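Worksheet: one structure, shown below.
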Amino acid sequence: MKTTREEAKEHSHDDLVHHLQGLLEKNYDAEKGFKKAMVETEDLNLKEFLQRQALQRNRFATQLDKEIHSLNAKPKEKGSAIGALHRAWIDVKTAFTGNDDEAILEECIRGEKASVREYEETLKKQKFPAKITDVLNSQLSEIRTTLSKVKSLEDLADSWD
């Protein structure tokens, strides 16, 4: 029989892993979303940007996978059903807008804003070990930078009209 302290420690560990799994899933979804958007655009500069973002999210997922393994847990191997629905929504939206780069950028902004919120909430709710907190804060900083870049690309796309 476990002591109350052992149960609390186990619950804390499970909660920590659960939050990391959520972020891992979010990064799988973001990577797939960027790849999907990359296919939808004809603009070579935008394709290159989206490819870099997909690679970034792949790197984030690899880092989170490593942290989850270090906690003796098995990382998730794919994204969420919500992420799949969002990519399907992008398909529908681009079908009606004619693969409009501005619509693609709007969806990227929406996804990046959601990522920022999820990282901020996770960091606020959960007390992670310092090493993991550093990884998450670094990733959050890069997501914020991406969000700024996408917003400036959208402003440029507005001026193309």
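The values are calculated or read from the model by the stated rules, or taken from the named source; none is laboratory data. Owing to the predicted nature of the structure, the values given are computational and were not obtained by experimental measurement. Reconstructed Cβ throughout: ideal geometry from the backbone, glycine too, with neighbour counts over all protein chains shown.
Remarks
- Some residue of segment 78-93 being surrounded by fewer than 21 Cβ atoms within 10 Å (Cβ to Cβ), on the phi < 0 side of the Ramachandran plot and at pLDDT 85 or above: no
- Of all residues in segment 57-74, those satisfying the criterion of being in contact with a helix residue (DSSP H, G or I) (Cβ under 8 Å, 6 or more places away or on another chain) and within 25 Å of R144 (Cα to Cα) are R57, N58, F60, A61, Q63, L64, D65, E67, I68.
- Any hit, segment 7-20, residues being modelled with pLDDT of 95 or more and over 22 Å from K131 (Cβ atoms): no
- Against the list (1) surrounded by 12 or more Cβ atoms within 10 Å (Cβ to Cβ); (2) modelled with pLDDT under 95, the condition K127 fails is (1).
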